[in-house]
Amino acid sequence: MEDSQFLSRCSADTIRLAAESLFEGNLVAFPTETVYGLGADATSADAVAKIYKAKGRPADHPLIVHVHSMQAMEPWVSDIPAYAVSLARDFWPGPMTLVMMRSALAKDFVTGGQDSVGVRVPNHPIALSLLQEFHKLGGKGVAAPSANRFGHVSPTTSKAVHSELNEYLEDLDLVLDGGQSVIGLESTIIDCTHDAPLILRPGAITAVMIQSSTGINRLKVDKTSELRVSGSLEKHYSPLARVILDQVPVSGQGYIAMSTFPTPHGVIRLAQPGSNEEFARDLYSALRKADELGLNSLVIQQPPGDGIAIAIRDRALRASKGR
Ligand code: TXA
Ligand code: MG
């Protein structure tokens, strides 16, 4: 199979072309501030089927619908609680997905057969203008999971998208390049189908931020939520290298830790972030680097505390479960 087209200069024309291609039923991988997404017309069963095929993902896993504005979200949902409106106003465009009761527009092939649908307005200039152009053509929304093979580490650069998906994309599919994703971890997913918000996946929008936006201090905590989140499966976000948490690394092992931790002799330093934000941004590319170097194992020294550190530890733990 030929390489899918790689468009690194995202001029307005390029983005229009990509929107047209999406509208015609092809796949477009695009940058967002969290991770790269693999997009398809969310109203087309055939287009969405291509996502599952390219990712090797089970078809009953729900996808996030990406739109360019809060208004563009409305056709997808049937009920928007007041606290969800606060969240959308405060954090969109941004690294947050809201799960709400679906409308008839959100078909089973997008929601994995659930009565709810996940929607997000991403905060990235290329993603937003792609979604705007798609909307101008009459498009309703773009279903996009992270642009990696099922169970692998999410891509935070277009190069990582290529190494994940090149052989699974078709000639008319596109990959847009928008540099490195600045947040580096997937969006916070918030279930908004109950009387209070429930965090299904931690991310850059934290519990404290949700509380102060909504005025609701008691978020729901329910680990046995019946909603299916593939991100909450074990064996996810994993490199080939074995991931070990919070040990002193030995010679030959990779090492991801804050810059205040020294690199022991013979250890391969994969990342030395100076802050939790940098840790989040660099974690996935560091895991990829371990595989590129063919390392057998690596150690992650997890950052303590709240904020995005919670999401970092969540992904580190999953990575440590192995593929
Ligand atoms: O940051 C992100 O959210 C990225 C970028 C591309 O937007 N997308 C992403 O998609 O991480 P994905 O498919 O890799 O993960 C989306 C998660 C899945 O775990 C899925 O199960 C969950 O969202 N999800 C989607 N719709 C849902 C729903 N109706 N109920 C519960 N979980 C849902
Ligand atoms: Mg994913």
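The values are calculated or read from the model by the stated rules, or taken from the named source; none is laboratory data. Nothing here was measured: the structure is a model prediction, and the numbers come from that model. Positions of Cβ are generated from backbone atoms using ideal geometry, with glycine treated the same way; all protein chains shown enter the neighbour counts. Calculation scope for accessible area: heavy atoms of the full protein, side chains included, ligands and nucleic acids excluded. Shrake-Rupley method; radii C 1.70, N 1.55, O 1.52, S 1.80 Å.
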Study note, to complete from the structure: For Asp177, the lone unmet condition from (1) within 16 Å of ligand 2 (Cβ to nearest atom); (2) crowded, with 19+ Cβ neighbours inside 10 Å is (1)
Check your understanding: Do we have Val161 as out of contact with any Asp or Glu (no Cβ under 6 Å at 6 or more places or on another chain), in a helix (DSSP H, G or I), within 14 Å of ligand 2 (Cβ to nearest atom) and not aromatic (Phe, Trp, Tyr) here?
Key -> yes
Practice item. State all residues of region 106-131 that are surrounded by fewer than 22 Cβ atoms within 10 Å (Cβ to Cβ), in a helix (DSSP H, G or I) and not hydroxyl-bearing (Ser, Thr, Tyr); if no residue qualifies, say none. Key: Asp108, Pro125, Ile126, Leu128
Review point. Which one is nearest to Ile15 (Cα to Cα), of the residues in region 81-98 that are in contact with a helix residue (DSSP H, G or I) (Cβ under 9 Å, 6 or more places away or on another chain) and assigned to a strand (DSSP E or B)?
Key: Met96
Check your understanding: Any idea which residue in region 74-101 is nearest to ligand 2 (Cβ to nearest atom), counting only those that are at pLDDT 95 or above and farther than 22 Å from Pro202 by Cα?
Key -> Trp76
Revision key, fill the gap. Filtering region 190-213 for residues that are β-branched (Val, Ile, Thr) and touching a Leu at 6+ places or on another chain (Cβ under 6 Å) leaves a count of 1
Practice item. Can you work out which of the residues in region 152-163 that are within 12 Å of ligand 1 (Cβ to nearest atom) and open to solvent by less than 10 Å² (accessible area, probe 1.4 Å) is nearest to Val175 (Cα to Cα)? Key: Val161
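Any idea how many residues of region 269-323 are basic (Lys, Arg) and within 23 Å of Glu33 (Cβ to Cβ)?
6
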Study note, to complete from the structure: Those residues of region 187-216 which are within 16 Å of ligand 2 (Cβ to nearest atom), open to solvent by 10 Å² or more (accessible area, probe 1.4 Å) and either outside any loop (DSSP other than H, G, I, E, B) or over 16 Å from Asp306 (Cβ atoms) (or both) amount to Ile189, Leu200, Arg201
